[in-house]
Amino acid sequence: MQILRGDAATPSILLARAADGAAEPSLSAAEATGAWKAWRKLVKTVSPEEIVRKITASGLRGRGGAGFPTGQKWAACASQPPGIRYAVANGFEADPGAQLDRTLMERDPHAVLEGLAFAAFAVGAHQAYVVVKSTAVVAVRRLRDALRAAEEEGLLGSDVLGSGFDLHVEVREIQGANVLGEETVLLRAIEDKRAQPDQRPPYPAEKGLWDKPTVVNNVETLAAVPWILGNGAEAFSKIGLASAPGTTLVQIGGAVKQPGIAEVVLGTTVSDLVKLAGGPSGTLKAVLVGGPSGGFLPPSELDVPLEPGALRDRGALWGSGTVLVVDDRACIVDLASLMTRFLNDEACGKTIPCRIGLRRLAEIGDRLTTGHARPDDVQLATDLSSDTRDAALCGLERSAPNPLMSGMRYFMPEFEDHIVRGICPAGVCQPLRVAAGAAQ
Ligand SMILES: Cc1cc2nc3c(=O)[nH]c(=O)nc-3n(C[C@H](O)[C@H](O)[C@H](O)COP(=O)(O)O)c2cc1C
């Protein structure tokens with residue numbers, strides 16, 4: 001995937017070593033540009049508590065979707081009673097089409113491994129895993145090559161750099177549905193158990209892999225850690241938003257002139273992201289922010305900054321960091337229904353809201369797009385969404401109503417066309433009639 005040039009003022013934290021995707025990332029080349037420098041220095045000179053303090057002071061928040069403060073998570077894990085702990089890098093990248101984490105792991109596997117090493121050191125874990133989708137074959141191979149090189153250099157393994165700290169890392173391939181990316185499901189997959197979520201609390205930081213305290217972080221979160229520890233927590237905390245500092249990777253696709261991946265500061269508006277990708281390739285109708293369980297925003301809402309709270313307030317999601325631009329040839333009812341059906345198919349069905357609630361929601365979507373809508377479908381979808389969210393066990397159920405709910409919030413006339421008038425103005429849904437004069 002093409003790397004888009006961001007604002008020249010944006011510091012390159014995540015893509016500094018990642019620009020050339022064709023080159024195999026060697027340890028010596030990575031070290032020449034700063035990889036493992038912080039680890040070499042700090043693993044022998046600084047305490048785990050100090051690492052947690054620095055990460056907390058940096059304000060780093062998780063890039064896996066929820067934006068949870070990383071230092072707080074590490075502190076919670078580190079403060080558990082003495083015993084075995086684990087550290088896990090979540091590189092599953094659940095959302096279809098998302099290639100952000102994969103790009104990072106392919107182009108800079110050392111940043112991910114170094115960040116994971118710090119996470120393990122901070123919480124006192126001696127075994128760590130990088131979990132990757134088995135179809136991400138290049139990422140898996142490059143991570144394994146990088147791991148082997150780091151072990152041969154003494155950066156990982158037994159008695160790291162003569163520090164007395166042991167850290168064994170395994171790259172674990174898994175394959176399965178979208179829900180596998182959810183942290184408790186991911187942990188069950190590592191244990192070779194049925195991939196279904198657990199009730200939280202207790203969070204993995206208290207009770208994770210094999211019931212031991214486990215810190216789970218997204219690979220992008222971890223890749224920022226060496227930069228923070230090398231350049232200082234304060235320097236990081238001053239980048240972007242005070243409430244969510246640093247940079248993040250975003251993938252902008254759909255109806256744009258130049259789709260690709262960019263590194264931007266948190267707080268960049270969705271409208272600026274569309275511009276970064278060369279602008280819309282047609283007449284902009286909506287932007288789906290946050291992947292299949294994200295929300296559709298109309299052009300009037302695109303001044304929203306990339307920040308978990310602001311996006312949530314407008315009905316969207318940070319989620320996977322993908323931004324899909326939709327032009328006026330698309331039907332929002334059709335797209336929202338497609339996302340709902342996908343999430344229903346990918347859900348594990350452990351709970352009744354998940355097993356039955358999402359199915360009923362998907363059936364409503366199917367009715368709307370096939371000319372079988374019932375007069376009370378809007379109310380039914382709204383009630384069902386709110387019940388499903390309230391009773392959700394995991395984030396999949398909680399966010400699955402987003403596409404339909406955001407669609408109805410901002411594009412109600414298009415829904416009414418389908419339900420009341422039996423018309424699909426965009427001419428996408430069959431066998432609904434196309435409005436007179438609409439483009440086909
Ligand atoms: C359905 C679902 C899918 C998820 N997929 C991913 C994923 O692919 N990668 C990821 O890092 N986090 C994913 N998450 C979030 C994780 O549960 C977890 O919050 C994250 O890995 C924690 O890392 P962070 O604190 O660094 O963000 C998913 C959550 C849900 C509910």
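The values are calculated or read from the model by the stated rules, or taken from the named source; none is laboratory data. Computed from a predicted model, the values in this text were never measured in an experiment. Neighbour counts are summed over all protein chains in view; Cβ atoms, including those assigned to glycine, are modelled from backbone coordinates with ideal geometry. Ligands, DNA and RNA are stripped out before the accessible areas are found, and what is left, the full protein with its side chains, is counted by its heavy atoms. Shrake-Rupley method; radii C 1.70, N 1.55, O 1.52, S 1.80 Å.
So, by mean Cβ neighbours within 10 angstrom, what's the order for 80-86, 114-120, 95-101 with the highest one leading? If you can, show how the numbers build up before the last one.
Details: 80-86: 13.7, 114-120: 27.4, 95-101: 20.9.
In descending order of packing, they fall as 114-120, 95-101, 80-86.
Considering the stretch 247-327 at the alpha-carbon level, its Rg and Dmax are found to be 10.8, 30 Å. Dipole magnitude for the chain: about 140 debye, using +1 per Lys or Arg Cβ and -1 per Asp or Glu Cβ, origin at the Cα centre. For the chain, the Cα gyration tensor yields ellipsoid semi-axes of 40, 24, 18 Å (square root of five times each eigenvalue, largest first, whole Å).
Relative to 2.2 N^0.38 Å, what does the C-alpha radius of gyration of the stretch 305-389 come to as a ratio? Two decimals please.
Values: Rg = 14.1 Å, N = 85, 2.2 N^0.38 = 11.9 Å.
This ratio for the stretch 305-389 stands at 1.19.
Each residue of the stretch 65-81 was assigned a 3J(HN,Hα) from its phi angle through the Karplus curve 6.51 cos²θ - 1.76 cosθ + 1.60 (θ = phi - 60°); the sequence is x, 8, x, 6, x, 5, x, 5, 5, 5, 5, 4, 6, 5, 8, 6, x Hz, with glycine and proline shown as x. Rounded to the nearest Hz, the phi-derived 3J(HN,Hα) couplings of the stretch 186-200 under the Karplus curve 6.51 cos²θ - 1.76 cosθ + 1.60 (θ = phi - 60°) are 4, 5, 5, 5, 4, 7, 6, 9, 4, 7, 9, x, 10, 4, 10, where x marks glycine and proline.
Positive-end ranking of Leu404, Phe415, Ala426 along the dipole of the stretch 381-438, with charges on Cβ about the Cα centre, is headed by Ala426.
Cysteine residues of the chain whose C-beta has no other cysteine C-beta under 4.7 angstrom: Cys77, Cys331, Cys348, Cys354, Cys394. Protein heavy-atom surface of the stretch 247-327, 1.4 angstrom probe: 53% of the accessible area is carbon and sulfur, with nucleic acids and ligands not counted.
Might you tell me the accessible area per residue for the chain, computed with a 1.4 Å probe and given in Å²?
On the way: 17540 Å² over 440 residues.
That works out to 40 Å² for each residue.
Using only Cα atoms, what Kirkwood radius does the stretch 27-237 have, in angstroms?
On the way: mean 1/r = 0.0596 Å⁻¹.
Hydrodynamic radius (Kirkwood, Cα pairs) of the stretch 27-237 is 16.8 Å.
Computed over the chain, the per-residue total of -39500 (n - 2.57) for DSSP H runs of n ≥ 4 gives a 222 nm mean residue ellipticity of -11500 deg cm²/dmol, rounded to 500.
Can you give me the relative contact order of the chain as a percent, contacts being Cα pairs under 8 Å and 6 or more apart?
Numbers: 921 pairs, mean separation 69.0, N = 440.
About 16 percent, as a whole number.
For Leu338, Leu4, the ranking by accessible surface with the largest value first comes to Leu338, Leu4, using a 1.4 Å probe.
Rounded to the nearest 10 degrees, what's the angle between the helix 332-346 long axis and the longest principal axis of the chain, both from Cα atoms, 0 to 90? With both axes taken from Cα atoms, the answer is about 50 degrees. Fully extending the segment from Asp145 to Met1, taken as 0.36 nm per residue of separation minus the present Cα-Cα distance, adds 49.7 nm. Between Asp328 and Ala29, the contour length at 0.36 nm per residue exceeds the Cα-Cα span by 103.0 nm.
A simple count of charges around Gly6, restricted to other residues whose Cβ falls under 12 Å of its Cβ and scoring Lys, Arg +1 and Asp, Glu -1, yields -1.
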